[in-house]
Amino acid sequence: MNRVHYHMIVKSRHTKADLERAIDGSIPAGIPYHKHVRPIKNERGYIPYVLKAKVGGFDKQGRWTSDKYANERIMFRAKLGIKKVATVGDFFVKSKAAIWTDIKEQERRMART
């Protein structure tokens, strides 16, 4: 198999081009990859797939199973010896302090109304 699938779910005002640039800029030179940047139209089926949730459904052979992603839950196994998280590009436009300042101000405005 020898491949890794990254899934990013982003709720933001980034354009498709911005997201593609962030992905392209995060891949080291010479590493082949492909990407699909598209909006999620129905998270009902997509989110369980990304999370490899324990849900019933049809497996790849077309048989019903109570845990259709059981064989794909590889990265969640303990003691794999590999890094399981990463940062893609300059994701946060604001610093943590600026984000918290905005949150506090928003809370103050909400409390006044």
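The values are calculated or read from the model by the stated rules, or taken from the named source; none is laboratory data. Quick caveat: nothing in here was measured; it's all calculated off a predicted structure. Every residue, glycine as well, gets a Cβ built from its backbone with ideal geometry; the counts of neighbours run over all protein chains shown. Note: accessible area is taken over every heavy atom of the protein model, side chains too, but ligands, DNA and RNA are not part of it. Shrake-Rupley method; radii C 1.70, N 1.55, O 1.52, S 1.80 Å.
Distance check, please: which entries in Lys11/Lys35; Lys84/Lys104; Lys35/Lys79; Lys11/Lys79 exceed 24 angstrom between their Cα atoms?
Values: Lys11/Lys35 18 Å; Lys84/Lys104 32 Å; Lys35/Lys79 28 Å; Lys11/Lys79 31 Å.
In this structure, Lys84/Lys104; Lys35/Lys79; Lys11/Lys79 lie more than 24 Å apart at Cα.
Taking a probe of 1.4 Å, how large is the accessible area per residue of the chain, in Å²? List each step's numbers first, then the result.
Numbers: 10580 Å² over 113 residues.
It amounts to 94 Å² per residue over the chain.
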Checklist line | Candidate lysines - alpha carbon under 16 Å from Lys68, same-chain residues fewer than 8 apart omitted | finding: Lys52, Lys54, Lys60
Check: At what distance in nm do the modelled label points of Ala111 and Arg44 sit from each other, each positioned 7 Å from its Cα along Cα→Cβ?
Finding: 4.1 nm
Item checked: Karplus-derived HN-Hα couplings along region 37-49 (A = 6.51, B = -1.76, C = 1.60, θ = phi - 60°), whole Hz, x at Gly and Pro -> 10, 7, x, 7, 8, 9, 6, 3, x, 6, 4, x, 5
Next item on the list: Mind checking which of Ala98, Ala53, Pro32 is farthest towards the positive end of the chain's charge dipole, using Cβ charges of +1 (Lys, Arg) and -1 (Asp, Glu) about the Cα centre?
Entry: Ala53
Item checked: Distant-in-sequence amide H partners of Val10 (H built 1.01 Å from N, under 5 Å) -> none
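Sort out the exposed loop trypsin sites (Lys or Arg not before Pro) in the chain (DSSP loop, at most 10 other Cβ within 10 Å) and tell me the longest stretch that has none. If you can, show how the numbers build up before the last one.
Working: sites that count: Arg3, Lys11, Arg13, Lys41, Lys60, Arg63, Arg77, Lys79, Lys83, Lys84, Lys94.
With trypsin sites (Lys or Arg not before Pro) excluded where exposed in loops, the chain gives 14-40 as its longest stretch.
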Notebook entry, point to check: Among (1) 38, 37, 20; (2) 56, 42, 32; (3) 77, 39, 22, which is the computed Cα extents along the principal axes in Å?
Noted result: (2)
Notebook entry, point to check: Counting only protein heavy atoms and using a 1.4 Å probe, what share of the accessible area of the chain belongs to carbon plus sulfur, as a whole percent?
Noted result: 56 percent
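Over the chain, what relative contact order in percent results from Cα pairs under 8 Å that are six or more residues apart? Could the numbers behind the result be given before it?
On the way: 49 pairs, mean separation 22.7, N = 113.
Relative contact order comes out at 20 percent.
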Note to self: What aspartates and glutamates does Lys96 reach when the alpha-carbon gap must be under 15 Å and sequence neighbours fewer than 8 apart in one chain are set aside?
What the structure shows: Glu105
Next item on the list: Run the numbers on region 12-70 and let me know its relative contact order in percent, using alpha-carbon pairs under 8 Å that are six or more apart.
Entry: 20 percent
Checklist line | region 19-113: chymotrypsin sites (Phe, Trp or Tyr not before Pro) in DSSP coil with no more than 11 other Cβ atoms inside 10 Å | finding: Phe76, Phe92
